[in-house]
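Below is one structure; the comments refer to it alone.
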Amino acid sequence: MKFDTPAGQNPIDKLKVVGKATDRIDGPFKTTGTAPYAYDWHDPKLKPAYGFVVGAGIAKGRIKAMNLTSAKAAQGVLAIVTAGNAGKLGKGKLNIATLLGGPEIEHYHQAVALVVAETFEQARAAAALVKIDYAEAKGAYDLAAVKDTGKPEKLGPAPADTSVGDFAGAFAGAPIQLDATYTTPDQAHAMMEPHASIASWEGDRLTVWTSNQMIAWAARDVAATLDMPQDKVRIVSPFIGGGFGGKLFVRTEAILAALGARAARRPVKVALTRPMMFNNTVHRPATIQRIRIGATPDGMITAIGHESWSGNLPDGKPEAAVQQTRLLYAGANRMTQTRMATLDLPEGNAMRAPGEAPGLMALEIAMDEMAEKLGIDPIQFRILNDTQVDPEKPERPFSQRNLVQCLRTGADRFGWDKRVSKPGQVRDGRWLVGIGVAAGFRNNQVTKSGARVRLDAKGMLTVETDMTDIGTGSYTIIGQTAAEMMGVTLDRVIVRLGDSDFPVSSGSGGQWGANCSTSGVFAACEKLREAVSQKLGFNSADAVFEDGQVRSGNRTAPLAQAAAGGDVVAEDTIEFGDLAKKYQQSTFAGHFVEVGVDVATAEIRVRRMLAVCAAGRILNPKSARNQVIGGMAMGVGAALMEELAIDKRRGFFVNHDLAGYEVAVHADIPHQEVIFLDEVDPISSPMKAKGVGELGICGAGAAVANAIHNATGIRVRDYPITLDKLLDRMPDAA
Amino acid sequence: MKSFTYERPSSPAEAAATVAAKPNAKFIAGGTNLLDLMKLQIETPTHLVDVNGLGLDKVEATPEGGLRIGALVRNTDLAADARVRKDYGVLSRALLAGASGQLRNKATTAGNLLQRTRCPYFYDTAQACNKRQPGSGCSAIDGVSRQLAVIGASEACIATYPGDMAVAMRVLDATVETVDAKGGTRKIPVADFHRLPGDRPEVDTTLRAGELITAVTLPKPVVGRHIYRKVRDRASYAYALVSVAAIIGKDGTGHVAFGGVAPRPWRIEAAEGDLPKGAKAVTDKVFAGAKPTHDNAYKLKLAERTLGAVLSEARA
């Protein structure tokens, strides 16, 4: 199905199943331990051996010598895979560093060997016996030190530099100016489930049970890395314990499991240990961001500029931190600039709303600072500079843009009128209390997505698509979509996901999964409706699918009857035309945060949060809320604690476990509320929905930062905002 | 984890004798720290002596009016003990500030005293660490050290003792009771229990080979406000950046120990006479000679301000 004109009335609009707050249909599997995650995959026939990854002990340099003698002789060892014996390996399209390093080492904990043994413990013990002699080379590990060597780097299709009007002139001439620099640190995905895979060969066919957000990309990149045809690779990933972007890519454990299985001549399972994950895999790169805003005294932005520097391995990509600044606020004169310097740290890549998440952490403090300079309420300042068109291309409208309503609704619900705009005035016992706001913004990306739907003689529907559920609720919304389309209840739908034998979907990433994958199911169901109508002798154009029946004129037949002579199967793919070019499609939020800052110790504690979201039709308010509060918690983590601490001498992230890399959890945020504006966006898709998951993180961190400023009067521009950055400037505690 | 053998002895002395006789043997109780370290091969015992079955799990009154806490009393149980809550509030509060509910259910009194540092370089076997591998050097001194010691450290090691419970025990003048391989018993003031690193950072405590902790005794209660204040980056599970254990009387006199700042709970009794003068007078003396790094210099100010908050709370 080609989607190239805005959606009209369609069966989803009935909203009998879609749009209802619905428990996850996969929930009982998870709470009863019957959802097999990759490492749990248990097939007694497989009898897998265990692989343990050996990571490089240096960040840059060469392996001079590798001694495997004692490791090979250790109890239970079946095989040891190294770059020296693995044969020639290709590289996946989305990998930057190679997944099996040596003799050149590109980053710390880059895999240099896999030890395969009968048991996990044997593999681990033998891995410790692998003796490696390195020649360590000097590397670049400090973004601030190499920032000025940064080169212009495109952001996907977008240019490195954008410019409209005369930014320099307008900024210089602006009566009120802000010129400030912000930094965000390297961050880790820190998802609960580690990277894990089981690989099994049958002749030249490879099956990998893994944990991956993008099945088709995984099949392609496994094939490319192992230099084999993609149709010989099967990827299975039905349940995923969090990915946050870290599992968009094939990682080392999948490739090494395949190589280990080949070497040991039996299936091999490999999971990365927690301390390996932080340096072996990918992370969100640190940024340095300079923002300049010029405005008239009545608060109209006349110039807005955003420059961002990040680092990565050669051939890596920059963090797209300027992305939202091109679209979020009006202003006739504007510029953005993206520079990337070479660093020898582990690979930087997509994490939790790449671009907007760190970009808004800077931009939305800048907006708060500017509002303060202007003496204008920060909500009012944002409303004054709202735009309903792409500010770089005014002929291009937003498909829907209800940012103003998000901010106003949030202000009302959060009690913004009780905020004391002068900082440092509100005290509650030992706490200085402050309230902050930020705009949330995340683009709605659309990408083609396929599905297959089968109707059987019992009237049961089975949906198959390689879409993944990374804890987001994909199973449920896909089931809801099929149920709505075919006029049945949700319990009549079986959803099967995450298998490369199924039609290729959008996969999960960039908050595109929900809208795109359900649109693919919509398309397949449209075809199935036609096929069913034909079987029943109905005119498909006027057939109504309702309550398990199909009705046309004064005739009615049970849906199941269409499959009496055999299953009816339909498959289709939604493809998106140029509506995304004609219209800017984005999602919006108002983030509100109240913090307390301990007057003596400067400890910062979030007291309550609210996000008001405008993201098109909400397919399942329960799972959508779950997504947004998760994002908000990540925003708190980014604002207050998440930082990969770099050892700048040896080039690695030092705090590489969950004791050292702290994230926000339940006890850190006592109260979170989410409101979805009642909105549909027919330009986005036939579902009239948009992405929503990442909107929760986008802006939340800056709202925390702004609340801290309101509480204390202290402006911190370097994340995370830890107490040591406030302590010297705290008011007298007495 | 390397292969190891395992046994359950029938008495404390037998346990001590076994560990003393086998060069690579260790006791295991709750295992909340040791098992993690074994998985990472930071600890590689070849024999484990499981002391969980030895009793040693009672909290009893002593003839001197104090309490004798069995080595195997779980953190959760000790924190909830009515006598501890009533008379040793600083201890109960310190315990509840530590770890998570699940860990406190497993962690024991003796094991908690023996928990090893959380210095990230100690945990990374590819990095030099004198505590993990004597003579290899200290990566932390010029490395990432925001969490590490500002005082009591040495050229060889700047690791901190990470626990909370022991800081309260230090201010309570607790005594550690042990038994050795020959059945001999010893009483070690908690002040002398943890070592400063000097040039032997691999040795955390003054326990001798095979010596087994059987109990911790507390003297009779000290009257005053019992306060434990733990400062950390998040409200949930985190190690202390700085903690203060204090017992402050109505007249402003009292006792105070600091956690998160040194290789052992840090208490300078000679400074306590200045408590009525306020926090700065005390911390100036407590931290005299401190050698913070660039990353952790904030701890000095934080300790002063935290003590100030504790003294305000005591006055309130």
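Odds and ends about this structure:
- Given +1 at the Cβ of Lys and Arg, -1 at the Cβ of Asp and Glu and no other charges, the dipole of chain B around its Cα centre is 580 debye to the nearest 20.
- Cα point-scatterer Debye curve for the range A:57-157, base-10 log of I(q)/I(0) at q = 0.13, 0.19 Å⁻¹: -0.59, -1.00
- Relative contact order %, the range A:1-105, counting alpha carbon pairs below 8 Å whose residues are six or more apart: 26 percent
- Sorted largest first by accessible area at a 1.4 angstrom probe radius, with every protein chain in place, the residues A:Ile25, A:Ile435 fall in the order A:Ile25, A:Ile435.
- Ratio Rg/Rh [Cα only; Rh per Kirkwood] for the range A:332-410: 1.04
- Spin-label model distance (nm) - A:Arg427 vs A:Lys147, 7 Å beyond Cα toward Cβ: 3.7 nm
- Legend: Rg and Dmax of chain B, from Cα coordinates, 19.0, 58 Å.
- Per residue, the protein assembly as shown reaches -7000 deg cm²/dmol at 222 nm when only DSSP H runs of four or more residues are counted, each adding -39500 (n - 2.57).
- Across every direction, the projection of the convex hull enclosing the Cα atoms of the range A:495-560 has a mean area of 5.6 nm².
- Only lysines eight or more places from B:Lys299 in sequence, or on another chain, were considered; those with a Cα closer than 20 Å are A:Lys725, B:Lys230, B:Lys280, B:Lys285, B:Lys291.
- The range A:347-493: C-alpha gyration tensor shape, a/c 1.5 cut-off, then a/b vs b/c: prolate
- Exceeding the 29 Å Cα-Cα cut-off - candidates A:Lys373/A:Lys418; A:Lys60/A:Lys154; B:Lys58/B:Lys277; A:Lys2/A:Lys30; B:Lys86/B:Lys182: B:Lys58/B:Lys277; A:Lys2/A:Lys30; B:Lys86/B:Lys182
- For a straight C-alpha distance cut-off of 24 angstrom, the lysines reachable from A:Lys232 (same-chain residues fewer than eight places away being disregarded) are A:Lys45, A:Lys47, A:Lys88, A:Lys91, A:Lys93, A:Lys247, A:Lys269, A:Lys448.
- For the range B:1-140, radius of gyration divided by Kirkwood radius, i.e. Rg to Rh on alpha-carbons: 1.02
- Pairwise Cα inverse-distance average, inverted: Kirkwood Rh of the protein assembly as shown (Å): 31.0 Å
- Note on chain A: antiparallel DSSP beta bridges, both residues inside, total approximately 75 percent of the bridges counted.
- Alpha-carbon geometry of the range B:183-245: the Rg and the Dmax are 16.1, 45 Å, given in that order.
- Percentage, to the nearest whole number, of Cα pairs in the range A:1-80 over 19 Å apart: 72 percent
- Note on B:Ala209 and A:Val420: with the Förster distance fixed at 56 Å, the Cβ-Cβ geometry gives a FRET efficiency of about 0.35.
- Probe 1.4 Å - accessible area at B:Ser10, Å² to nearest ten: 100 Å²
- Per-residue mean of foreign Cβ neighbours for B:124-134 is 3 (Cβ atoms of other chains, 10 Å radius).
- Under 13 Å from the Cα of A:Lys16 - aspartates and glutamates, other chains or at least 8 residues apart: A:Glu484, A:Glu546, A:Asp547
- With R₀ fixed at 51 Å, the C-beta to C-beta distance from B:Arg200 to A:Lys458 puts the FRET efficiency at about 0.10.
- Each Lys and Arg Cβ is given +1 and each Asp and Glu Cβ -1; about its Cα centre, the protein assembly as shown then shows a dipole of about 1240 debye.
- Rounded to the nearest 20 debye, dipole of the range B:100-154 from Cβ charges on Lys, Arg, Asp, Glu: 260 debye
- Most positive-pole-ward Cα, A:Tyr39, A:Thr69, A:Ala59, against dipole of the range A:37-97 from beta carbon charges: A:Ala59
- Inter-centroid distance (Cα atoms) of the range A:205-250 relative to the range A:1-32, Å: 26 Å
- Three semi-axes of the equivalent ellipsoid, the range B:157-262, Cα gyration tensor, whole Å, largest first: 26, 20, 11
- Two-decimal log10 I(q)/I(0) for the range B:116-174, as the Debye equation yields it once each C-alpha is a single scatterer, q = 0.12, 0.15 Å⁻¹: -0.31, -0.46
- Intensity falloff of the range A:223-269 expressed as log10 I(q)/I(0), Debye formula with alpha-carbon point scatterers, at q = 0.25, 0.32 Å⁻¹: -1.13, -1.26
- Percent accessible area from carbon and sulfur atoms, chain A, protein chains only, probe 1.4 Å: 51 percent
- For a modelled paramagnetic label at B:Ala316, 7 Å from Cα along Cα-to-Cβ, the residues of the range A:700-734 in reach, with backbone nitrogen under 13 Å, are A:734.
- Between A:Gln230 and B:Lys250, the modelled label-to-label distance comes to 8.1 nm, taking each label 7 Å out from Cα in the direction of the beta carbon.
- Where A:Met460, B:Met169 fall by accessible area, highest first, once all protein chains stay in place (1.4 Å): A:Met460, B:Met169
- Theoretical FRET efficiency, 1/(1+(r/R0)^6), r = Cβ-Cβ of A:Arg265 and A:Asp43, R0 25 Å, to 0.05: 0.90
- The range B:160-297, relative contact order in percent, only Cα pairs under 8 angstrom and at least six apart counted: 24 percent
- Both radii come from the Cα set of the range B:98-218: Rg as radius of gyration, Rh as Kirkwood radius; their ratio Rg/Rh reads 0.99.
- For the range A:1-138, Kirkwood radius (reciprocal of mean inverse C-alpha pair distance, Å): 19.2 Å
- Length-normalised contact order of the range B:99-191 in % [C-alpha pairs under 8 Å, at least 6 apart]: 22 percent
- Shape analysis of the range A:291-428 based on the Cα gyration tensor places the equivalent ellipsoid semi-axes at 29, 20, 15 Å, largest first.
- A:Asp23 accessible area, 1.4 Å probe, all protein chains in place, Å² to nearest 10: 100 Å²
- Summarising the label geometry, the points placed 7 Å from Cα in the beta-carbon direction at A:Ala158 and A:Asp13 lie 3.4 nm from one another.
- The HN-Hα couplings worked out from phi for the range A:395-408 by the Karplus form 6.51 cos²θ - 1.76 cosθ + 1.60 (θ = phi - 60°) are 6, 10, x, 6, 5, 8, 8, 10, 4, 4, 5, 4, 5, 5 Hz, whole numbers, x standing for Gly and Pro.
- Less than 5 angstrom separates the built amide H of A:Phe398 from those of A:Val389, A:Asp390, A:Gln584, all sequence-distant by 5 or more or on a different chain.
The values are calculated or read from the model by the stated rules, or taken from the named source; none is laboratory data. Predicted, not measured: the structure shown is a model, and the values here were computed from it. As a convention, Cβ positions derive from the backbone with ideal geometry for all residues, glycine included, and neighbour counts pool all protein chains shown. Ligands, DNA and RNA are stripped out before the accessible areas are found, and what is left, the full protein with its side chains, is counted by its heavy atoms. Shrake-Rupley method; radii C 1.70, N 1.55, O 1.52, S 1.80 Å.
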